[in-house]
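Chemist: Have a look at this one before I ask anything.
The values are calculated or read from the model by the stated rules, or taken from the named source; none is laboratory data. Source: prediction; values computed, not measured. Cβ sites come from the backbone with ideal geometry, for glycine too, and all protein chains shown count toward neighbours.
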Amino acid sequence: MKTEVHKEASPCLFARPIFSAMWTRGLCPSNIEMTEVTGGTFWKSYTGEQIAGTSGFPSVTSFTDVTAMPELMEYYPPIDLHNRRLRELTKALGPAWIRISGTWTTKTYYDFEGVTGGKAPDGYGNVLTREQWMGVLDFVAHVGAKLLISVSNCAGDHPHGGPLDLTQAKKIFDFSHRYGRDIDAVEFMNEPNMLELSGAPQGYTASDYARDQDILYTWVRANYPNCLLVGPCTTGDPAAVGAEGKGFGAGIASMTKTCTTEELLAGTQIPLDVFSYHYYNGVSERIAWVLPTAHWPGHMAHSDAYLAVAPDCARAHAALRDRFVPGGQMWVTESGDAGGGGDTWASTYLDVLRTLNELGSYSTITDGVIFHNTLASSDYGFLEHGTFLPRPNYFAVLLWNRLMGTAVYDCRELNRENIHIYCHSRKDGVCGVVYLILNNSLTDTISVMLPKEAHRYTLHAQAMRSPTMLLNGKDLTISGTCGIPELTPELQPQGTVLLAPGSCTFLVL
């Protein structure tokens, strides 16, 4: 097939601008799970055989407390946030946001006084030490990021079974302030629509959440007025999902008692600054037994239907944003290919198509930020756990951040079956544009007509499940401790450009 990219000789006049996408200035923030900071259970790493698709998974037929399920989880020691490779590779992605949250956070006790001896008090599940939180604040400062957190909201924060006790929240905000690194944004609780499954006290309701969010946010407004109030960070809101078979937010919320965004926010009095939600393309193989209709098999992970989930989800939640936070930004504060620790291909080139398509499509719908889950844990991390070696998604996002500017242009008429095209201004400020073209067919080459020469960056791999990605035919791997390879383009002459099956190409004009 033949796709004409430009209809105008001037790269500044080719298409209608949509808006300026502020989120691209702080591209692709990342989650560091609280369980990484304190040490604790998180999703088991896949074996080589599971990644290759030659080995299955233990049968999981129901969920209780997912953080305690040995079929799914394993213990990890605290992450070394002073590791040079981790710090420098994270810094290279910036400027960005870092989010410290996750289900583990909801039951974390902040032991900044060193009185627990490492044993969580009654009503809590784990302990965050003074030194560990100082490590987070130092890391955020070193990489030049802003900090988003959620706070605890478990039985220990409701000592008499009543409203939220602010002792814990005050402790982490005030300690951070005294240390010289204020918290920039807060979500009250991680995935509150799943209630007890997310760590809330037994019998906790949506009206309890609304009451307690107001308690927290009233205090934050009065004491830390520059801190953004973000929420409600739901996953799989039935009001947004509608009748879609695969569901949004991975469909995990449908496996337990849940509530809607309407129920969580309708009774609140303190307005939010930012509307947030969580999005995954489906559930991973390891929990597909529980919700098989929400799982996408690997052979469909490049399909148009699979890639459409992210923009469909964004449009649905944008309607909720317009209702509850009119005029505000919309953030995806967790995102990845699959709920349940990621699919077996999350660490391979195959997931790059989804990642880049999510970034491109989201920026045509709204401005905001997308927090990738995770930075360096489990198989969907940008960096491999322990070694902190970058995976294909890391380099894809690094390239996006270096090339794609903040002005977004309308390319809807250029999109066809198995072709997804996005266009932004140039990040370097030069008059011109950058196209991202995804050829998500695995069999057909497409041709593109260029009206002038361009710099070309083509991402591809020797196999779709390859752990190594190529840029214009060269392996993308670091040298030494943290030496990022030169992301060097090829000069593409005016005329016909052939884009190989399964490739992702940036064209800078």
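Chemist: In the stretch 410-429, what residues are of a type in the set (A, V, I, L, M) and either surrounded by fewer than 14 Cβ atoms within 10 Å (Cβ to Cβ) or modelled with pLDDT under 95 (or both)?
Modeler: LEU414, the sole residue that qualifies.
Chemist: What are the residues in the stretch 441-465 that are more than 26 Å from the chain's Cα centre (by Cα), of a type in the set (Gly, Ala, Ser) and buried (at least 20 other Cβ atoms within 10 Å of the Cβ), if any?
Modeler: ALA454 - this is the single residue of the stretch 441-465 that is more than 26 Å from the chain's Cα centre (by Cα), of a type in the set (Gly, Ala, Ser) and buried (at least 20 other Cβ atoms within 10 Å of the Cβ).
The rows are residues; the columns are (1) modelled with pLDDT of 50 or more; (2) out of contact with any strand residue (DSSP E or B) (no Cβ under 7 Å at 6 or more places or on another chain); (3) among the small types (Gly, Ala, Ser); (4) buried (at least 21 other Cβ atoms within 10 Å of the Cβ).
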site: GLU8; (1), (2), (3), (4): no, yes, no, no
site: PRO11; (1), (2), (3), (4): no, no, no, yes
site: ARG16; (1), (2), (3), (4): no, no, no, no
site: GLY26; (1), (2), (3), (4): no, no, yes, no
site: PRO29; (1), (2), (3), (4): yes, no, no, yes
site: SER55; (1), (2), (3), (4): yes, yes, yes, no
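Chemist: Quick one: would you say PHE395 is touching a helix residue (DSSP H, G or I) at 6+ places or on another chain (Cβ under 8 Å), under 27 Å from HIS82 (Cβ atoms) and of a type in the set (Phe, Trp, Tyr)?
Modeler: No.
Chemist: If a residue counts only when it is aliphatic (A, V, I, L, M), which helices (runs of 4 or more DSSP H) contained entirely in the stretch 273-367 have at least 3 such residues?
Modeler: Output list reads 309-324, 350-363.
Here is a yes/no grid of residues against (1) under 30 Å from GLY405 (Cα atoms); (2) under 15 Å from the mean Cα position of the chain (by Cα); (3) not acidic (Asp, Glu):
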| residue | (1), (2), (3) |
| --- | --- |
| ILE98 | yes, yes, yes |
| TRP104 | no, no, yes |
| LYS107 | no, no, yes |
| ASP111 | no, no, no |
| THR116 | no, no, yes |
| ALA120 | no, no, yes |
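Chemist: Kindly indicate the residue of the stretch 493-509 that is under 22 Å from VAL352 (Cβ atoms) and among the small types (Gly, Ala, Ser) and also surrounded by the fewest Cβ atoms within 10 Å (Cβ to Cβ) among those meeting that condition.
Modeler: Filtering the stretch 493-509 for residues that are under 22 Å from VAL352 (Cβ atoms) and among the small types (Gly, Ala, Ser), the one surrounded by the fewest Cβ atoms within 10 Å (Cβ to Cβ) comes out as ALA500.
Chemist: Can you say whether PHE395 is outside any loop (DSSP other than H, G, I, E, B) and over 30 Å from ASP322 (Cα atoms), as far as the supplied structure shows?
Modeler: For PHE395, the condition - outside any loop (DSSP other than H, G, I, E, B) and over 30 Å from ASP322 (Cα atoms) - is met.
One line per residue, one yes/no per condition, for (1) closer than 20 Å to GLU49 by Cβ; (2) touching a Phe, Trp or Tyr at 6+ places or on another chain (Cβ under 8 Å); (3) in contact (Cβ under 8 Å) with a residue 40 or more places away in the chain:
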{"position": "GLY328", "(1), (2), (3)": "no, yes, yes"}
{"position": "TRP331", "(1), (2), (3)": "no, yes, yes"}
{"position": "GLY341", "(1), (2), (3)": "yes, yes, yes"}
{"position": "SER347", "(1), (2), (3)": "yes, yes, yes"}
{"position": "LEU353", "(1), (2), (3)": "no, no, yes"}
{"position": "SER363", "(1), (2), (3)": "no, yes, yes"}
{"position": "THR366", "(1), (2), (3)": "no, no, yes"}
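Chemist: Also, quick follow-up: Closer than 20 Å to SER363 by Cβ, of a type in the set (D, E, K, R) and under 22 Å from the mean Cα position of the chain (by Cα): which single residue out of ARG402, ARG426 fits that description?
Modeler: When all the criteria are applied, what remains is ARG402.
Chemist: Could you run through the stretch 276-299 and say how many residues are exposed (fewer than 15 other Cβ atoms within 10 Å of the Cβ) and polar (S, T, N, Q)?
Modeler: 1
Chemist: Report, by residue number, each residue of the stretch 177-223 that is among the hydroxyl-bearing types (Ser, Thr, Tyr) and either farther than 14 Å from THR106 by Cα or at pLDDT 95 or above (or both).
Modeler: TYR179, TYR204, THR205, SER207, TYR209, TYR217, THR218
Chemist: May I pose another question? Quick check on the stretch 133-156. Is at least one of its residues part of a strand (DSSP E or B), in contact with a helix residue (DSSP H, G or I) (Cβ under 6 Å, 6 or more places away or on another chain) and either within 30 Å of ALA396 (Cβ to Cβ) or not aromatic (Phe, Trp, Tyr) (or both)?
Modeler: yes
Chemist: Moving on. Select from the stretch 265-291 the residues that are farther than 30 Å from SER303 by Cα and under 22 Å from the mean Cα position of the chain (by Cα) and list them in ascending order.
Modeler: LEU272, ASP273, VAL274
Chemist: Something else about it: Just one of ALA407, ALA396 is of a type in the set (A, V, I, L, M, F, W, C) and crowded, with 21+ Cβ neighbours inside 10 Å; which is it?
Modeler: ALA396
Chemist: Please find, among LYS146, LYS119, the residue that is modelled with pLDDT of 95 or more and under 30 Å from GLY236 (Cα atoms).
Modeler: LYS146
Chemist: Further question on the same structure: Do you know which of the residues in the stretch 483-492 that are over 30 Å from ARG84 (Cα atoms) and surrounded by 12 or more Cβ atoms within 10 Å (Cβ to Cβ) is nearest to the chain's Cα centre (by Cα)?
Modeler: Here the answer is GLU490.
Chemist: Continuing with this model, one more query. Tell me whether the stretch 255-275 contains one or more residues that are closer than 29 Å to GLU49 by Cα, crowded, with 22+ Cβ neighbours inside 10 Å and at pLDDT below 90.
Modeler: There is no residue in the stretch 255-275 that is closer than 29 Å to GLU49 by Cα, crowded, with 22+ Cβ neighbours inside 10 Å and at pLDDT below 90.
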